[in-house]
There are 2 protein chains.
Amino acid sequence: MRTYLDCYACFMRQALNAARVATSDEHLQHAVLNSVAEMLPQLPLSITPPEIAQQTYKLVYKITGDNDPFRELKRTANQRALEIYPRLKAAVASANDPLLAACKLAIAGNAIDLGPTASNTSHHLITESAILTPLAVNDYPTLKQCIKKSKRILYLGDNAGEIVFDRILIEELRQVKELDISFVVRESPIINDATLYDALSVGLDRVAAIISSGSDAPGIILSQCSQEMLDLYYSADVIISKGQGNYESLSDESINIFFLLKAKCLLVASQLGVSIGDAILIKNGENQRRQALFP
Amino acid sequence: MRTYLDCYACFMRQALNAARVATSDEHLQHAVLNSVAEMLPQLPLSITPPEIAQQTYKLVYKITGDNDPFRELKRTANQRALEIYPRLKAAVASANDPLLAACKLAIAGNAIDLGPTASNTSHHLITESAILTPLAVNDYPTLKQCIKKSKRILYLGDNAGEIVFDRILIEELRQVKELDISFVVRESPIINDATLYDALSVGLDRVAAIISSGSDAPGIILSQCSQEMLDLYYSADVIISKGQGNYESLSDESINIFFLLKAKCLLVASQLGVSIGDAILIKNGENQRRQALFP
C-alpha cells in the first residue's frame, strides 16, 4: 500500500506523541516536529507508510536521545496480557471452534498499538467478548483449510502485549496438526513493536522459532529484511501477518498471506470497506478485490 | 493563545482538506502539503494559531490557484441558515430569556466551521434544542449586565452561515436597548469565514454596521488590522467575539471581551476545562483564570 496524503498529519501526530513520551523538553519535541516536517517533502508517496513511519520514529529517537521511549509501556503490555492469558486460554478451550476463537483474540490483541491510534487499549478491554464478536471480513474458513494443507508457517508479529494473544493462536494452530512455525519480530525497538526481548519475555520461544525480520521498520519492508527472513518468507506454505503495519507493507504482494488486524485508520478501513476498530481476517488477493470494490 | 505542537498535524490536515476542495489534482495537493511542511519550521510557536492558519491557507490558495475554495459551501451555509431563520426567531421570541436563547443559538451556529473540525455541521442540527442545552461556561449574567451599561458594541464575526445566528443575537441585543453595533468580517476569503459579501447576503447590514478587520487572517491579528478596526476595538464598551479563531487570537488580551464559541479542539477545550463540542460564553479574564485551573 502506498502512502496517502492523509498520512502526513498522522506522521506528525505520531512523532509528537513519541517525542512527548521520550522527553518533557518542548524544545526537543519542537525540533522533532521540525525535522519530520523537513523530511516529509523528501519522500515519495510511492513508498509504504511503514517506511515513512520508520524514518519518522528514527528522527524522534535521534533527537530525543531515547531509542526506545515505549520500553516501559511494552513491558507493562506484556505483563498485563500474561496475567489474563490463563483466563483467555480457558475461554478458547471452551469455544465451539477454538482455532477461530484464538484468531479473534489475536486480532483483538492488535488493538494494543501506540502508533496510528495513539491510544493504548487497556488490556482489560480485551476479553472473552472478542470471541463472540463477528469478524468484519472473515476468510477464516479458507485459513483453516489452508492450515490443514500446510507444514511451514511464518507468523509476522506486531506489538508487545499483542504477542501473548499470538501465542494463544500459535498454540491452537499446533492443536490442528504438527507445524513448523517461525515467529518474526523487529530487529530493534520501533514504536511498541515486539522485539526478541518481548518474544522471550512472554514465552513465545516455547511455541515457535523466533527470528528477526532484520529490520527495525514497523512493518515488513522486504528490501530491508535479512536473507534468513526472506528464505522463510518465500518458502512458507502460509504466512499469518498481524497488524496494520505489516498489512500496509505487504498488501500488494502476491503470496499466500492471511492478514489479521484491527482497522486503525480511515484509509485502511475504507480501502477494505469496514469501519475503524473492525476485526479483519482477510486472505491476500481478497484485500485487493475489496480495494477495487471500495476505491 | 500561542501555537502548540499539537497544532502542526492539524495544519497539515486542514491544508489537505482545503486543497482537496480546491483541486482534484493529487500532485497539486501533494505540493500544498510539502509547502506547508517546509513552512512550519520557519514559524515560531509564540505566534497564535490563526496566524499560522492564515499562512497555511494562503499556500493552499497560491498553489491550487483557487483563492476561495469554500465559496459554494459558504453560499449554501448562508442560504440554509436563512431558511431556518424565521423558525429560530420564533423560538427565541417565546423563550423565557430571549437574549440568552439568542446567545445560545449564536454559539450553536459556530459549529458551522470548515477549519479545525473539518466537518460541516448540517444546519438542520442547529435547532431549538440548542436553547435548552446549558452552557458549559456561562458568563451570560455578566454579559447581560454589561450590555445594559454599554453603548458601543463591536461584534467579531466568524463563519458564513453562522452569521445568520449572529444576526438573531444582534436583533435581540437591540431589544435590550439602543446600541451602536459594528460587525467585523474578514477582508477577503479565508477558510469559510464570513466576508462583506456574506454579511450583505444575509442582511446583517440592516442590523449592524459592517466593517472589515482589514486582514484575511481567520482570527483578529491586531497588528494586521486596519486603523478603523483598531479604533472601534479600543473604543467599544464591550466586544462580542465569535468562534475559536477569534478566541485563539485574542485570549491573552486585557480588554472587555466576551467569547462565544464551541470548543473545537482538545487544546482549547482542555484549556477551558470543557469537552469538545461544548458551548462556551466566557468573559475575558475568566478564560485566563480557567486556564490556570486546567493547565
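For the protein assembly as shown, what is the charge dipole size about the Cα centre, in debye to the nearest 20, if Lys and Arg each add +1 at the Cβ and Asp and Glu each add -1 at the Cβ?
Numbers: 56 positive and 66 negative charges, 240 e Å.
Using Cβ point charges on Lys, Arg, Asp and Glu, the protein assembly as shown gives about 1160 debye.
Please list the radius of gyration and Dmax for the protein assembly as shown, considering alpha-carbon atoms only, with Å as the unit.
My reading of the Cα-based Rg and Dmax gives 27.6, 89 Å.
Between B:E286 and B:A93, what FRET efficiency follows from the Cβ-Cβ distance if R0 is 22 Å, with the result rounded to 0.05?
Details: r = 29 Å, r/R0 = 1.34.
Step by step, r from the Cβ atoms, then E = 0.15.
Which one of A:Q175, A:F165, A:G65 has its Cα pushed farthest toward the positive end of the charge dipole of chain A, where Lys and Arg give +1 and Asp and Glu give -1 at the Cβ?
In chain A, that residue is A:Q175.
If each of B:R75 and A:D237 carries a label point 7 Å out from its Cα toward its Cβ, how far apart are those two points in nm?
6.5
Tell me the angle of helix A:49-64 to the major Cα principal axis of chain A, expressed in degrees between 0 and 90 and rounded to the nearest ten.
50
How far apart are the B:Q145 label points across copies, placing each 7 Å from Cα toward Cβ, in nm, shortest first?
Spacings between copies for this position, smallest first, are 7.7 nm.
Can you spot the aspartates and glutamates whose alpha carbon is less than 13 Å from A:K264's alpha carbon? Ignore those fewer than 8 places along the same chain.
A:D113, A:E248, A:D278
Apply the Karplus parameterisation 6.51 cos²θ - 1.76 cosθ + 1.60, with θ equal to phi minus 60°, to every residue of the range B:144-160 and state each ³J(HN,Hα) to the nearest whole Hz, in sequence, with x for glycine and proline.
Couplings: 4, 4, 5, 4, 4, 9, 9, 10, 9, 10, 10, 10, 8, x, 10, 9, 4 Hz.
For A:K262, list the lysines whose Cα falls under 26 Å from its own Cα; do not include residues on the same chain fewer than 8 positions away.
Straight-line reach from A:K262, under 26 Å: A:K58, A:K74, A:K89, A:K104, A:K144, A:K148, A:K242, A:K283.
Hey, with R₀ at 22 Å, roughly what FRET efficiency would B:S275 and B:D252 work out to, going by the Cβ-Cβ distance, to 0.05?
That pair, B:S275 with B:D252, gives E of 0.45.
Report, by chain and number, residues whose modeled amide H sits under 5 Å from the one on B:L114, excluding near sequence neighbours (fewer than 5 apart, same chain).
Here the answer is B:N192, since their amide H atoms fall under 5 Å of that of B:L114.
Quick one: 3J(HN,Hα) in Hz for the range B:230-241, Karplus 6.51/-1.76/1.60 with θ = phi - 60°, rounded, Gly and Pro as x.
5, 4, 5, 4, 7, 9, 5, 6, 8, 10, 9, 10
At 7 angstrom along the Cα-to-beta-carbon line, where would the label on A:L45 sit relative to the other copies? Give the distances in nm, shortest first.
Output for A:L45: 3.1 nm, nearest copy listed first.
Sorted from shortest, what are the nm distances separating the label point of A:L82 from equivalent points in the other copies, each placed 7 Å from Cα along Cα to C-beta?
Label-point distances to the other copies, shortest first: 6.9 nm.
Across the residues of B:37-45, average count of Cβ atoms on other protein chains within 10 Å?
Mean shielding count: 4.
Let me know the charge dipole size of the range A:6-64 about its Cα centre in debye, to the nearest 20, where only the beta-carbon of Lys, Arg (+1) and Asp, Glu (-1) is charged.
Values: 4 positive and 5 negative charges, 23 e Å.
For the range A:6-64, the charge dipole is close to 120 debye.
So if R0 is 22 Å, what FRET efficiency would B:R2 and A:S24 give, r being the distance between their Cβ atoms, rounded to the nearest 0.05?
Numbers: r = 18 Å, r/R0 = 0.80.
In this case the efficiency is close to 0.80.
Each residue of the range B:99-114 in order: what ³J(HN,Hα) in whole Hz does its phi give by Karplus 6.51 cos²θ - 1.76 cosθ + 1.60, θ = phi - 60°, with x for Gly and Pro?
5, 4, 4, 5, 4, 5, 5, 4, 5, 4, x, 5, 5, 7, 9, 9
When DSSP assigns beta bridges and you keep just the ones with both residues in the range A:143-295, what percent turn out antiparallel, to the nearest 5?
On the way: 6 of 24 bridges.
Here the share of antiparallel DSSP bridges comes out near 25 percent.
Looking at the range A:87-221, send over the antiparallel percent of its DSSP beta bridges, to the nearest 5.
25
Determine the shielding of peptide B:3-13 by partner chains: average, over its residues, the number of Cβ atoms on other chains within 10 angstrom of each Cβ. Kindly include the intermediate steps, with their values, before the conclusion.
Numbers: counts 0, 2, 12, 6, 2, 10, 12, 3, 3, 11, 7.
For peptide B:3-13, the averaged partner shielding equals 6.
Every read-out reported here was derived from the displayed coordinates using simple, explicitly stated rules and does not represent laboratory data. Since this is a predicted model, take the numbers as computed values, not measurements. Neighbour counts are summed over all protein chains in view; Cβ atoms, including those assigned to glycine, are modelled from backbone coordinates with ideal geometry.
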